[in-house]
1. Which one of these does Ala75 not meet: (1) closer than 12 Å to Val20 by Cα; (2) in contact with a Leu (Cβ under 9 Å, 6 or more places away or on another chain); (3) among the small types (Gly, Ala, Ser)?
2. Which residues, counting only those in segment 13-71, are among the β-branched types (Val, Ile, Thr) and closer than 15 Å to Tyr3 by Cβ?
3. Given Ser26, Ser40, Ser54, which one is out of contact with any strand residue (DSSP E or B) (no Cβ under 9 Å at 6 or more places or on another chain), of a type outside the set (Lys, Arg) and modelled with pLDDT of 95 or more?
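The values are calculated or read from the model by the stated rules, or taken from the named source; none is laboratory data. This is a predicted model, so every value here is computed, not measured. Please note: Cβ atoms are built from the backbone with ideal geometry, for glycine as well, and neighbour counts cover all protein chains shown.
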Amino acid sequence: MRYVYLLQSATFVGERYVGVTSDLRSRLDDHNAGKSHKTSKFAPRKLVTYVAFSDERKAAAFERYLESGSGHAFADKRLW
C-alpha cells in the first residue's frame, strides 16, 4: 500500500504538508523527529488525513494533484 498523507503543524497555524509513503507511522515519526528538512522547522506535525492506494502510480499522481492549484482547492474544501 502507498499512502498519500496530509500533515499540519501543531504549533504554526497554516503550515501544511502533503507527502506519500509506504510506511505512514514511521514517516510521521520521521517528520516529528526532524528528519525531513521540509517539515522540521514546523514540528511537531499532526496527521490530518490519509488516503491508501494499492497502485503506486495512482498514489504519486494524487499527491501531485494535491500540490497543484485545483488540488489545493479540493484539499481545502474536502480534506483539511
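1. Against the list (1) closer than 12 Å to Val20 by Cα; (2) in contact with a Leu (Cβ under 9 Å, 6 or more places away or on another chain); (3) among the small types (Gly, Ala, Ser), Ala75 comes up short only on (1).
2. Result: Val18, Val20, Thr21, Val48, Thr49, Val51.
3. After applying the criteria, what remains is Ser26.
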